[in-house]
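The next block holds one structure in the form of structure tokens; read it before the comments.
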Amino acid sequence: MGVLYSQLFVTPRYPTESFADQIIIVTGSNVGLGLEAARHFCRCNAKMVVLAVRNVAAGEKAKQSIEESTGRTDVCEVWELDLASYASVKAFAQRASKLPRIDVLLENAGILTLNFSLAEGHERTITVNVISTFMLGMLLLPKLKATAKEIPSTKPHWTIVSSEVHAWTNLPEWKSSNTFEALDDPKNAKMQARYPTSKLLEVLVVREIASKLADSRVILNMLNPGLCHSELAREGSWRVWFLKLVLARTTEVGGRTLVAAATVDDESHGAYMTDGKVNNEALGAFVTSEDGEKAQKKVWTELKEILEKVQPGIASSF
Ligand SMILES: NC(=O)c1ccc[n+]([C@@H]2O[C@H](COP(=O)([O-])OP(=O)(O)OC[C@H]3O[C@@H](n4cnc5c(N)ncnc54)[C@H](OP(=O)(O)O)[C@@H]3O)[C@@H](O)[C@H]2O)c1
């Protein structure tokens with residue numbers, strides 16, 4: 001009922017905050033919610049908005065669209081980032097580390113697919129939505145921390161775009177000897193549940209690592225934009241199409257929730273936002289259950305092992 005109420009009766013606030021002087025990275029910003037969030041940041045005076053995209057030509061089109069609608073040129077830059085490739089994530093992070101500051105790292109890029117395939121040895125949804133997403137954040141953490149230290153007027157935000165569908169699964173794979181290996185097994189893969197699983201893993205990992213950032217002045221939070229029009233359900237059936245027709249927010253309105261997460265203060269650290277507001281009550285029951293807490297610790301230990309193999313020492317950035 002809460003979801004229906006939000007979709008039908010709640011319109012998240014139009015962003016009016018100033019992002020003057022700020023440097024903002026938005027992943028997956030050539031279309032959908034990322035594009036609309038980037039447009040808001042640009043309109044709200046950001047100094048620089050990095051459109052982190054896997055398709056540079058599509059990114060250039062998005063940049064042009066933002067420039068036309070906001071009248072602000074020389075703000076957006078298109079940088080290549082493919083979360084299905086660890087080499088691309090590392091190259092992007094290396095480049096971004098050289099920026100003078102990072103005020104917002106908005107990790108929005110994600111996929112929803114019913115087809116099983118591998119990227120970097122793991123099921124693609126998990127690689128893109130979870131492993132590379134946290135890898136990028138952890139590689140940029142030293143820069144976010146340095147920004148917090150050197151520029152007292154800013155509190156850098158590391159924001160992950162999750163979803164209310166994280167509550168649609170209890171992650172049965174967490175009881176396997178290794179959760180990620182279980183998810184990589186094509187014979188037992190339940191791809192209907194894979195996207196919710198990836199969104200639940202995001203929630204669990206954010207909750208686990210937030211405490212490790214407590215003294216850093218870096219705010220790590222996550223959000224649910226609600227059901228919104230975008231390109232996400234490319235493979236969706238007529239049912240998804242109909243549901244969106246009746247219930248979905250416009251992409252612009254959905255984009256507001258991403259911007260809200262990049263502005264809200266300490267109360268959002270480690271927290272879940274929905275309708276543009278902090279609301280941990282909206283978390284799925286599994287997340288706060290005893291099993292959920294055990295799963296949270298287990299998946300973080302396993303994710304850390306994967307990340308340490310790709311980039312030794314990465315976890316020491318906490
Ligand atoms: N729309 C909704 O109703 C809804 C609800 C809850 C949560 N969300 C979340 O919102 C976020 C944005 O989704 P959206 O709805 O705006 O979907 P979208 O329109 O499909 O946008 C997804 C973005 O992610 C990018 N992306 C996909 N794979 C990538 C990769 N390997 N490397 C880098 N970028 C990649 C896409 O690039 P390409 O264009 O090149 O594919 C696109 O820019 C996602 O995290 C999604 O889970 C959406």
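The values are calculated or read from the model by the stated rules, or taken from the named source; none is laboratory data. Since this is a predicted model, take the numbers as computed values, not measurements. Here Cβ is always computed from backbone atoms with ideal geometry, including for glycine, and neighbour counts include all displayed protein chains. Side chains included, ligands, DNA and RNA excluded: accessible areas come from the protein's heavy atoms. Shrake-Rupley method; radii C 1.70, N 1.55, O 1.52, S 1.80 Å.
One line per residue, one yes/no per condition, for (1) closer than 23 Å to Val104 by Cα; (2) not β-branched (Val, Ile, Thr):
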residue	(1), (2)
Gly236	no, yes
Arg239	no, yes
Val264	yes, no
Val310	no, no
Gly313	no, yes
Ser317	yes, yes
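One line per residue, one yes/no per condition, for (1) in contact (Cβ under 8 Å) with a residue 12 or more places away in the chain; (2) open to solvent by 20 Å² or more (accessible area, probe 1.4 Å); (3) among the small types (Gly, Ala, Ser); (4) within 29 Å of Gln311 (Cα to Cα):
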{"residue": "Val10", "(1), (2), (3), (4)": "yes, yes, no, no"}
{"residue": "Ile25", "(1), (2), (3), (4)": "yes, no, no, yes"}
{"residue": "Leu33", "(1), (2), (3), (4)": "yes, yes, no, no"}
{"residue": "Met48", "(1), (2), (3), (4)": "yes, yes, no, yes"}
{"residue": "Leu51", "(1), (2), (3), (4)": "yes, no, no, yes"}
{"residue": "Gly59", "(1), (2), (3), (4)": "yes, no, yes, yes"}
{"residue": "Arg95", "(1), (2), (3), (4)": "yes, yes, no, yes"}
{"residue": "Leu99", "(1), (2), (3), (4)": "yes, no, no, yes"}
{"residue": "Asn108", "(1), (2), (3), (4)": "yes, yes, no, yes"}
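Residues in the stretch 113-129 that are among the aliphatic types (A, V, I, L, M) and crowded, with 21+ Cβ neighbours inside 10 Å were compared, and the one that is nearest to the ligand (Cβ to nearest atom) is Val128. Could you tell me how many of the residues in the stretch 210-239 are away from the ligand (no atom under 16 Å from the Cβ) and either without any contact (Cβ under 8 Å) to a residue 60 or more places away in the chain or assigned to a loop (DSSP other than H, G, I, E, B) (or both)? So the answer is 7.
Ser117 fulfils the conditions (1) at positive phi; (2) without any contact (Cβ under 8 Å) to a residue 12 or more places away in the chain except for a single criterion, (1). Residues that are within 16 Å of the ligand (Cβ to nearest atom) and either more than 16 Å from Gly284 (Cβ to Cβ) or not in a loop (DSSP other than H, G, I, E, B) (or both) within the stretch 158-188 comprise Trp158, Thr159, Ile160, Val161, Glu164, Val165, His166, Ala167, Trp168, listed in sequence order. With respect to (1) at pLDDT 95 or above; (2) farther than 20 Å from Ile24 by Cβ; (3) surrounded by fewer than 23 Cβ atoms within 10 Å (Cβ to Cβ), the lone exception for Asn188 is condition (1). When restricted to residues that are under 23 Å from Val89 (Cα atoms) and either free of Cβ contacts under 8 Å to residues at least 24 places away in the same chain or basic (Lys, Arg) (or both), the stretch 147-186 contains 1.
Of the residues making up the stretch 77-88, none is farther than 27 Å from Pro142 by Cα and open to solvent by 10 Å² or more (accessible area, probe 1.4 Å). When you look at Val287, is it outside any loop (DSSP other than H, G, I, E, B), more than 13 Å from the ligand (Cβ to nearest atom) and β-branched (Val, Ile, Thr), yes or no? So Val287 passes the test.
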